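Data first, discussion second: the structure below is written as structure tokens.
The values are calculated or read from the model by the stated rules, or taken from the named source; none is laboratory data. No experiment lies behind these values; they were computed from the predicted model shown. Methodologically, a virtual Cβ is constructed for each residue, glycine included, from the backbone with ideal geometry; neighbour enumeration extends over all protein chains shown. Remember, those area values only see protein heavy atoms, side chains included, never the ligands or the DNA or RNA. Shrake-Rupley method; radii C 1.70, N 1.55, O 1.52, S 1.80 Å.
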Amino acid sequence: SSETFWTTTGMFPQEFIVAFPQCVKVSKVAIQCYLVKTLSIERSISKDPVGFEECIEKDLQHTEGQLQMEEFLLPEFQATYLRFIIKTAFDHFVSVHRVMAEGI
């Protein structure tokens, strides 16, 4: 829902994990967020959310008053979990409005 979002508590790094019902192939990840400066995406193929390895880390552009919309085209990989780590921000609080993963 575009009316809901997840917000940080003010200290960094902060993270959240997206779980898939089974191991899937992912080729693209997109995120809509606000005031995120450095974002890292990691994956795990374990049954439990452990053993993460980094897929990508990127500095996002500051977009004053607008949502940041970032797409990450990645070499296709398998994942049971995706961990998003907000390492730094442009303000004390940031928000994440939508996360999308495409693949099989």
Quiz item: Which is of a type in the set (Ser, Thr, Tyr) and surrounded by 15 or more Cβ atoms within 10 Å (Cβ to Cβ), of Thr80, Thr88, Thr63?
Solution: Thr80
Self-check item: Considering residues of region 24-52 that are over 25 Å from Phe93 (Cα atoms) and touching a residue at least 60 places away in the same chain (Cβ under 8 Å) only, the residue least open to solvent (accessible area, probe 1.4 Å)
Solution: Val26
Quiz prompt | Leu74, sole failed condition from (1) at pLDDT 95 or above; (2) in contact with a Ser or Thr (Cβ under 7 Å, 6 or more places away or on another chain) | solution = (1)
Exercise. Could you give me the residue pairs with C-beta distances under 7 Å whose first residue belongs to region 60-78 and is farther than 17 Å from Arg98 by Cα, whose second residue is among the basic types (Lys, Arg) wherever it lies, and which are 6+ apart or on separate chains?
Key: Leu74/Lys28; Glu76/Lys25; Phe77/Arg43; Gln78/Lys25
Quiz item: Residue check, Ile56 against (1) within 17 Å of Met100 (Cα to Cα); (2) in contact (Cβ under 8 Å) with a residue 40 or more places away in the chain, all met but one. Which one?
Solution: (2)
